[in-house]
Each structure stands twice: as C-alpha cells, then as structure tokens.
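The values are calculated or read from the model by the stated rules, or taken from the named source; none is laboratory data. Only a predicted model underlies this, so the values are computations on that prediction, with no experimental measurement involved. In case anyone asks, the SASA skips ligands and DNA or RNA and just uses the protein heavy atoms, side chains included. Shrake-Rupley method; radii C 1.70, N 1.55, O 1.52, S 1.80 Å.
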Amino acid sequence: MTTTNNNANTIPAFGLGTFRLKGQVVIDSVKNGLDVGYRAIDTAQIYGNEAEVGQAIAESGVARDDLFITTKIWTDNYAKAKLVPSLKDSLAKLRTDHVDLTLIHWPSPGNAVSVAEFMGALAEAKAAGLTKRIGVSNFNVALMKEAIAAVGAENIATNQIELHPYLQNRKVAEFAKSQGSQGIHITSYMTLAYGKVIADPVIEAIAKAHNATTAQVTLAWAMQLGYAVIPSSTKRANLEGNLKAQQLKLTDAEMAQMAALDRGERLTDPAGLSPAWD
C-alpha cells in the first residue's frame, strides 16, 4: 500500500518505526518486522540505532530494492559542510549506498542554520544519489513555507509530524495538502499517542464493531485520511496485528467520531527544538 506525493514519488503508507529502540531490541524488532511483511523502516541519526538497523536488514535476507529506508539528519549536522558527510556516515551504518528518504529532524535550534542552507544541502545530497527523496519533520506552516521557498514543494516528499486522535494537527496537514497538485505528504508519528488511545472508549467501540484492535482502528483512521504511519513494537504479535490495519475500512460516521477526539494533546515538545506550533 503506497500513497503518492506531488512529484510522483511513492511513500509507503505503512512502515516500521524504531524510535527509542536500541541494541538487540531494535535488531529483533526490525528482523521480526521484515519477516512478517514490513518493507519500510524509519530511523534517525539521533536514535543511535542506524548500525543495528543496518545489521538487521543485512541479516534479514530481504533485497535492498524491496525496501524503503528513511533516516533523519540531526540538528548538529545541518550546516552545509556537515550535512552530506553525516548522511554518508548514516549510509555506512545502514550498509547501503543510498536511503529512500532523508528528513530534517527538527527545526534548527535558534535558527543557527537557515532553512535555505540545510534544505539546499539536502537537495545536493539528493542530486548526488545519496537519497532518493528529501523532506522535513516537526515543521510548522511557517517553516514549511521557508522549505518550499528553498527547494520547491515538488521536492519535499513529506512532513513527518506528531499526529494522533488526540492531536490531529489540522492546520499543518491542511497547508501541506494545499501545496501543488497532490500536496506535500504527511507522515504521522506517535499515531497511537504512546498507547494512550488504546483504551479510548470511542475507539474501543469502533474496534468491537470491526472485530479489530484499537491500535488497528487508529492506524486505519490515519491512513484513511491519507497519512503514512510508522508504528513501532518489540512484540512480533503486535507487529503482525498492526499490519492488518491496512485492510480495515472505517465508515464515514466512525471517521467523524475519530475526528471529534481531537483535544490538542501534544506529547512531544522538547524545549529548544520545538517550533511555535500551529
């Protein structure tokens, strides 16, 4: 299952996240994920697990051409002189000559490096074949406008943002959608809100009606809105269960019920990194 952004790049609708997973835990998660059918893997320089992700992929036996690998550049590496070398280091750890998507992880703290500088460097990395697509993460509307001014909306594959039933981030999502023929894609991270939505009574009722889990309902809701999702799990059964969300279709009434759950509850807001949220 894929969705397409405005320059005909395909972004997998469903991927495997690796945030907070380290060492053997992330190796096992990625290997299990690949074994049950995942083909998109999301990591980042700051996660400190790129080498383990690379090891898991190598040991899985899955062909590189069948995979979609995403990594994110950390704030220390935004300067033009540092970005490409840092990405090459990530590629070495991941045991590949390119990634499929490279994102700017957070806005530059204190605007120490301009959006024009790091987006320009990212575009150069793409031109050099180090990454097939480029994008951003945790950008508000104002920052997205700066990124568009720097490289063009057609060159921004996605904006990866916290988005779940309790924080639906509509201003950012609607602005992204408005750009170009099909808009800038949105990738939802923390779609299950650190597990908070799992026990939500509204979602439980919808899940019961579909003989599904609340996690499946929540992931299906996000994908039905056109967003990509990248849930993580250390349990093989949960990895398999989450994948089944791709076959779940919610009714218009159920989607409306999910929409009504928005309460602006932001769970990720690191001081010194976060922009002025919309």
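Using every pair of alpha-carbon atoms in the stretch 39-167, split the distances into 5 Å bins beginning at 0 and state the percent of pairs per bin, rounded to integers.
2, 11, 22, 24, 19, 12, 7, 3, 0
Quick check for you: with a 1.4 Å probe and neighbouring chains kept, what is the accessible area per residue of the chain, in Å²?
For the chain, the solvent-accessible area averages 42 Å² per residue.
Given the C-alpha centroids of the stretch 99-163 and the stretch 182-215, what is the distance between them in whole angstrom?
27 Å
Seen from all sides and averaged, what is the projected area of the convex hull of the Cα atoms in the chain, in nm²?
So the Cα hull casts an average projection of 13.2 nm².
Tally up the carbon and sulfur contribution to the accessible surface of the chain as a whole percent, 1.4 Å probe, everything protein left in place.
The computed percentage sits at 50.
Just need the relative contact order of the stretch 132-274 here, percent rounded to a whole number, with Cα pairs under 8 Å and 6+ apart.
24 percent
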